[in-house]
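The values are calculated or read from the model by the stated rules, or taken from the named source; none is laboratory data. The model shown is predicted, which means the values in this text are computed figures rather than measured ones. Cβ sites come from the backbone with ideal geometry, for glycine too, and all protein chains shown count toward neighbours.
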Amino acid sequence: MSASLTTTFDIEFPLFAFSHCRDVVAAVSRNGGFGVLGAVELTPEELRVELDWIVANTNGRPFGLDLIVPNKVEGRGEQISDEAMIARIPDEHREFAAAVLDAQGIDAGDLDERRKGQLTFHHNVSGDKTDAMLAVAAEYPIALLVNALGVPPPEMFDFARRHNIKVGALVGTVNHALNQARAGVDVLIAAGGEAGGHCGAVSTMVLIPEVCRALHQHNLEVPVLAAGGIATGEQMAAAMAMGAEGAWCGSVWLTTVEAETTPTVKAKMLQASASDTVRAKSRTGKPSRQLRSVWTDAWERVDAPAPLPMPLQGLVSEPALKKVDAAAAAGHRGAEALATYWVGQAVGLMNEERSVADVMMEFKNEYLEAFQRVERFLVGVGE
């Protein structure tokens with residue numbers, strides 16, 4: 001077990017849980033791990049509500065916050081109105097999204113109006129609200145601040161140093177890892193291509209030892225969390241045997257009792273195999289892995305328009321998918337076929353709805369059993 005990260009963050013077990021659901025975040029922290037709230041779709045006011053609840057429900061245990069402030073995003077650095085941003089969406093993409101919904105019997109006439117309610121993501125990833133989000137974060141005992149999709153911006157580093165908060169970052173290649181380490185990141189989350197959500201193309205089994213060896217060769221002492229396809233304690237143990245100091249998991253929590261996942265999508269995940277996911281740019285404009293559905297298949301067709309840069313593609317997809325979720329909840333069969341959500345290839349190992357506490361306990365037991373199994377294999381070796 002990692003002495004470094006367990007000591008640094010005062011936790012029992014080096015399992016870090018990324019989730020958009022406050023219930024999952026709090027439950028993981030209460031059960032000896034480290035919950036991290038994904039806040040990219042929250043306004044500063046909504047973030048305060050979520051953090052108030054987490055503080056009240058973690059029994060004083062540590063937790064973290066994940067933001068997305070990428071270096072490359074449409075409109076970053078520009079003074080652009082919400083209306084002007086929406087106007088940048090080509091008619092071809094509007095019409096294609098509407099046609100996919102229409103083909104399943106869902107009225108797409110109000111998608112443009114719905115896009116006006118999807119601009120929180122745009123403001124957060126473009127950096128417009130970074131200072132406001134950090135100002136809220138400053139009011140809470142956050143132990144780790146994580147940025148995805150690039151080196152954290154200077155204001156994030158400055159904020160973290162002033163408030164004695166560790167900074168983490170997700171990486172998908174060795175070069176990304178070295179750049180992040182040299183920039184001063186305290187924790188690297190090496191995410192293999194099996195991961196749900198935004199991910200690279202290199203498999204976890206290759207990426208973890210490659211990153212750990214490169215850091216050692218360049219005398220960069222930064223702990224690594226393994227991510228991507230990890231849903232069991234055995235996998236966590238294997239990653240740590242390759243040099244990681246813990247695991248970062250997101251998908252495994254999506255089928256828990258506490259998760260925010262819609263009933264329709266949760267049921268599909270519980271029946272899915274590892275082959276039922278797709279890595280594509282069609283949801284956000286950057287490669288992300290999600291559950292395969294009629295919606296994702298449509299965007300893979302030869303007649304589909306090329307995905308737009310972030311955040312424009314999200315303004316095409318998210319209003320449509322939120323409408324799909326609402327219709328699916330009402331029993332609409334076409335919507336059920338379209339419904340999707342971010343999830344990694346570990347979905348094939350997620351076959352039963354369980355509580356977060358049960359998942360945590362199973363991780364710990366499997367982790368210990370894995371090392372005991374290896375010890376048995378090593379009896380007599382080297383004698």
Next item on the list: Restrict the check to region 268-275 and report whether at least one residue is among the polar types (S, T, N, Q) and crowded, with 20+ Cβ neighbours inside 10 Å.
Entry: no
Item checked: Residues located in region 166-201, provided they are out of contact with any helix residue (DSSP H, G or I) (no Cβ under 7 Å at 6 or more places or on another chain), of a type in the set (A, V, I, L, M, F, W, C) and over 19 Å from Gly285 (Cα atoms) -> Ala183, Val185, Val187, Ile189
Notebook entry, point to check: Restricting the search to region 7-31, which residues are over 14 Å from Glu258 (Cβ atoms), assigned to a helix (DSSP H, G or I) and touching a strand residue (DSSP E or B) at 6+ places or on another chain (Cβ under 8 Å)?
Noted result: Thr8
Check: Among the numbered criteria (1) over 26 Å from Ser29 (Cα atoms); (2) touching a residue at least 40 places away in the same chain (Cβ under 8 Å); (3) not charged (D, E, K, R), which single criterion is violated by Gln217?
Finding: (2)
Checklist line | Qualifying positions in region 195-226 - assigned to a loop (DSSP other than H, G, I, E, B) and crowded, with 24+ Cβ neighbours inside 10 Å | finding: Ala195, Gly196, Cys199
Margin query: Filter region 278-293 down to the residues that are among the β-branched types (Val, Ile, Thr) and surrounded by fewer than 19 Cβ atoms within 10 Å (Cβ to Cβ) and list them by number.
Written below: Val278
Notebook entry, point to check: For region 126-185, what are the residues that are among the aliphatic types (A, V, I, L, M), part of a loop (DSSP other than H, G, I, E, B) and crowded, with 17+ Cβ neighbours inside 10 Å?
Noted result: Ile142, Ala143, Leu149, Val151, Ile165, Val185
Next item on the list: Name the single residue, out of those in region 324-369 being among the basic types (Lys, Arg) and part of a helix (DSSP H, G or I), that is farthest from the chain's Cα centre (by Cα).
Entry: Arg333
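Taking Arg333, is it basic (Lys, Arg) and surrounded by fewer than 18 Cβ atoms within 10 Å (Cβ to Cβ)?
yes
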Next item on the list: From Pro311, Pro319, grab the single residue that is in contact (Cβ under 8 Å) with a residue 24 or more places away in the chain, touching an Asp or Glu at 6+ places or on another chain (Cβ under 7 Å) and over 17 Å from Gly196 (Cα atoms).
Entry: Pro311
Checklist line | Residue check, Gln290 modelled with pLDDT under 95 and either of a type in the set (S, T, N, Q) or under 20 Å from Val146 (Cβ atoms) (or both) | finding: no
Margin query: Taking the criterion of being closer than 19 Å to Thr340 by Cα and touching a Lys or Arg at 6+ places or on another chain (Cβ under 7 Å), would at least one residue in region 229-246 satisfy it?
Written below: no
Next item on the list: Report, ordered by the first and then the second residue, all pairs with beta carbons closer than 8 Å, sequence separation of six or more or different chains, a first member in region 179-207 that is under 15 Å from Ala244 (Cβ atoms), and a second member that is of a type in the set (Phe, Trp, Tyr) and at pLDDT 95 or above.
Entry: Ile189/Phe16; Ile189/Trp248; Ala191/Trp248
Note to self: Being at pLDDT below 85, surrounded by fewer than 20 Cβ atoms within 10 Å (Cβ to Cβ) and more than 28 Å from Cys199 (Cβ to Cβ) narrows it down to one residue among Asp102, Asp91, Asp82, Asp110; which is it?
What the structure shows: Asp82
